[in-house]
Amino acid sequence: MKFISRIFLITSILVMYGCAHPITISPHLSNIDRKDAKQIDKNVGYYISAQDRYKEVTTPGGGGDSIKYTPYNDLEPAIQKVLINIFRNVHRMPSENDKVFISDNDISFVFTPKIETSSSSSGVLTWMATDFTVDLNVKAINKGGDKIWEKTIKKDGHAEFEELTKDLQLSSRRASEKVFKELQQAISNDPAFD
């Protein structure tokens, strides 16, 4: 009987070990405030490929488990929010350099993000990631297709176990919020967009 109990316990541990728990890494958009942005009276676009938009990523969590999420899909609303806070009109581009779309919508700049993420946890008994990193690279081209701007921002987010019990993805939210607040400030303050 003890042998069967041990087999059951080992099997249960193995089944639970290595699970990938779904989360979303979106920041709270209300924290990315328009009052902190310079207003620029121009139309812009942004481009995320379909392949990137639906790409799922798995990174380490705690207790031998991992977390999975779709970084581009999760962070697209934050990209939109930053651009809407600054520019007159924002368009989702069908391709990065669609000259007809750019001309028809009087688009001055097209922004293209590249997103890398990583996570880890100091917890051994829970799956949530206590630490999360968002590494965002954004380039902008003008209506002629020339690159006029590029910025890389890398930020970390940390959350204690007690905080994670109320918001399972808090460390990722903190990291992404820092990244997009800095992106907004960087675009607002750069004379390349005047």
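The values are calculated or read from the model by the stated rules, or taken from the named source; none is laboratory data. Predicted, not measured: the structure shown is a model, and the values here were computed from it. Glycine also receives a Cβ, built like all others from the backbone with ideal geometry; neighbour counts cover every protein chain displayed. The protein model used for the area step is the full one, side chains on, heavy atoms only, and it has no ligands, DNA or RNA in it. Shrake-Rupley method; radii C 1.70, N 1.55, O 1.52, S 1.80 Å.
For the reader, a short list of remarks on this structure follows.
- Rounded FRET efficiency, nearest 0.05, which uses the C-beta distance separating Asn97 from Lys154 and R0 of 30 Å: 0.65
- Using only the C-alpha atoms, the convex hull of region 116-194 corresponds to 91 Å³ per residue.
- Surface accessible to a 1.4 Å probe, Phe111 within the full protein complex, Å²: 10
- Over the chain: Rg over Rh, Cα atoms, Kirkwood Rh: 1.12
- Per-residue surface analysis assigns Tyr72 an accessible area of about 10 Å², computed on protein heavy atoms at 1.4 Å probe radius.
- Only Lys, Arg, Asp and Glu carry charge here, each on its Cβ (+1 for the first two, -1 for the last two); on that basis region 83-194 has a dipole of about 200 debye about its Cα centre.
- Links that overshoot a 19 Å alpha carbon limit, given the list Lys55/Lys178; Lys68/Lys181; Lys114/Lys154; Lys81/Lys181; Lys42/Lys81; Lys38/Lys181: Lys55/Lys178; Lys68/Lys181
- Each peptide in 181-189, 95-103 receives the mean, over its residues, of other Cβ atoms within 10 Å, and ordering these scores from highest gives 181-189, 95-103.
- Rolling a 1.4 Å probe over the heavy atoms of the protein chains gives the chain an accessible area of 53 Å² per residue.
- The chain - charge dipole about Cα centre, Lys and Arg +1 at Cβ, Asp and Glu -1, debye rounded to 20: 200
- FRET efficiency, Asp194 to Glu56 (Cβ-Cβ, R0 45 Å, nearest 0.05): 0.70
- The accessible surface of region 85-171, taken with every protein chain in place and a 1.4 Å probe, is 48 percent carbon and sulfur.
- In straight-distance terms, cross-link reach from Lys143 covers every one of the aspartates and glutamates whose alpha-carbon lies under 15 Å from its own, apart from those fewer than eight places away in the same chain; here that gives Glu96, Asp98, Asp104, Asp106, Asp194.
- Förster radius 25 Å - calculated FRET efficiency between Asp167 and Lys139, Cβ distance, rounded to 0.05: 0.20
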